[in-house]
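Trainee: Please see the structure below; I have some questions.
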Amino acid sequence: MLHAVMRFHFRIIYPGLPIVSMNFMIKNKPISAVLLLGVLLAAPLGLIAQETKEKSSRRERLMQRFDENNDGKLDEAEREAVRKFLSRTRQAGQNESAKRVDKIHIPKDYDPKKKYPFVLTLHGYSSNGRGQLGFFPMSNLAEEYDFIYCAPNGIDRSWNATDVCCGKLDDSKYLRSLILKAMEEYNIDKKRVYVTGLSNGGFMSYRMAHDHSDLITAIVPFAGVGFEQWPTTPNAPVSVLHIHGTQDKTIKWAGGSLTGGRYPSVEDNFAKWKAFNKCENKINTSDMSIDLDRKVEGEETKVVRYETKDGKVVTELWEVVNGGHVTPPRSAARKRIIKWMLARKK
């Protein structure tokens, strides 16, 4: 008895996926239309279900990350944070190969036989090196006080500083290599290397002090703190001048959360670095006040200062009373900050 053999070959194509090939052989039996339809549709329906699940879970993740009030909905500020997050479409691998702008600026009368301090100044989230130099101009100060400086651009306008913000790049390694590059090209005093930064750049300043305490002499963070729980204790002390507005709505004086991670209060962060630096000697600063913030009248900034027994390492806090997140310091305050930096040595 002869058996008729029917062969079927299907090539199923889904956009963005490899071609799927299927072969069927049936003896003397017609293929059920329902079975055939099931074969053709099972995979796409599974993909649709999976895609729906992924979209749903992604929405849940975004809600968990940006719903700071935990009220189950996003207000306008939270939605804007989501939009900024989603606009950063480049992947880490692409970021690695992206070109950075990290020009090193030297005084006009640079003398290769003379040693110069080096200042690394880091911008805030969504800004760049030019924006940072608008916030804290360096050119005239570098000429007056004889130092070399650099205001690099972070990839995607941010720095991977802590679990709070931002990205996946090893900016700590990159910035160390940038400092070492400057040392190769110019006669830089290895005992006088400083980092300052605003907001995300302030966070990154703390990260550099923690990761590279062998290299960094002192940091001056504006409106940025460190980890709520530091993974380790820095190997060496790094002097700190922390500047923060009490009415900062972005990086709050009392601490808070951002992009799913928590950051410490200014006072808790200060206490940790005071302990790291072993600064136990409190200096009387009752007669010290500074007119720093252009937007607040009078000498609004209070000073708290601790030193080591020998006075070489300082942990200092400038509390800008009623100051906001971005507090561009007045010219006199900028000079005071630079003098504070340059007075610190390893």
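Trainee: So which of Gly124, Gly167, Gly129 ends up being free of Cβ contacts under 8 Å to residues at least 40 places away in the same chain and small (Gly, Ala, Ser)?
Mentor: Residue meeting the stated conditions: Gly129.
Trainee: Further question on the same structure: If you check Ile251 against the conditions, is it farther than 19 Å from Cys165 by Cβ, in contact (Cβ under 8 Å) with a residue 24 or more places away in the chain, buried (at least 17 other Cβ atoms within 10 Å of the Cβ) and aliphatic (A, V, I, L, M)?
Mentor: Working: farther than 19 Å from Cys165 by Cβ: no; in contact (Cβ under 8 Å) with a residue 24 or more places away in the chain: yes; buried (at least 17 other Cβ atoms within 10 Å of the Cβ): yes; aliphatic (A, V, I, L, M): yes.
The answer is no for Ile251.
Trainee: Between residues in segment 179-206 that are closer than 14 Å to Tyr116 by Cα and residues that are assigned to a strand (DSSP E or B) and of a type outside the set (A, V, I, L, M), which pairs lie under 6 Å by C-beta distance while being six or more apart or on different chains?
Mentor: Cβ pairs passing all conditions: Ala182/Phe118; Ile188/Tyr116; Ile188/Phe118; Asp189/Pro117; Arg192/Pro117; Val193/Phe118.
Trainee: Restricting the search to segment 169-207, which residues are of a type outside the set (Val, Ile, Thr), more than 11 Å from the chain's Cα centre (by Cα) and surrounded by 24 or more Cβ atoms within 10 Å (Cβ to Cβ)?
Mentor: Leu175, Tyr194
Trainee: I'm trying to understand the selection: among the residues of segment 214-239, which are in contact with a strand residue (DSSP E or B) (Cβ under 6 Å, 6 or more places away or on another chain) and at pLDDT below 95?
Mentor: Matches in segment 214-239: Glu228 only.
Trainee: Residues in segment 255-276 that are modelled with pLDDT of 95 or more, touching a helix residue (DSSP H, G or I) at 6+ places or on another chain (Cβ under 8 Å) and of a type in the set (Gly, Ala, Ser): how many?
Mentor: 1
Trainee: Separate question: Residue under question is Trp230, and the condition is that it be in a loop (DSSP other than H, G, I, E, B), out of contact with any Asp or Glu (no Cβ under 7 Å at 6 or more places or on another chain) and touching a residue at least 40 places away in the same chain (Cβ under 8 Å); does it hold? Write out each step before concluding.
Mentor: Values: in a loop (DSSP other than H, G, I, E, B): yes; out of contact with any Asp or Glu (no Cβ under 7 Å at 6 or more places or on another chain): yes; touching a residue at least 40 places away in the same chain (Cβ under 8 Å): yes.
Spelling it out, Trp230 is indeed in a loop (DSSP other than H, G, I, E, B), out of contact with any Asp or Glu (no Cβ under 7 Å at 6 or more places or on another chain) and touching a residue at least 40 places away in the same chain (Cβ under 8 Å).
Trainee: Across segment 278-295, what is the number of residues that are modelled with pLDDT of 90 or more and under 28 Å from Tyr125 (Cα atoms)?
Mentor: Residues flagged as modelled with pLDDT of 90 or more and under 28 Å from Tyr125 (Cα atoms) within segment 278-295 amount to 4.
Trainee: Sort through Ala161, Ala223 and tell me the only one that's buried (at least 20 other Cβ atoms within 10 Å of the Cβ) and under 25 Å from Lys312 (Cα atoms).
Mentor: Ala223
Trainee: Another question about this same structure. Enumerate the helices (runs of 4 or more DSSP H) found wholly within segment 117-214, keeping only those where 3 or more residues are assigned by TED's automatic domain parsing to the domain that holds Val238 and touching a Pro at 6+ places or on another chain (Cβ under 7 Å).
Mentor: 200-211
The values are calculated or read from the model by the stated rules, or taken from the named source; none is laboratory data. The structure displayed is predicted, hence computed values, not measured ones. Because the Cβ atoms are built from the backbone with ideal geometry, glycine has one as well, and the counts that use them run over all protein chains shown.
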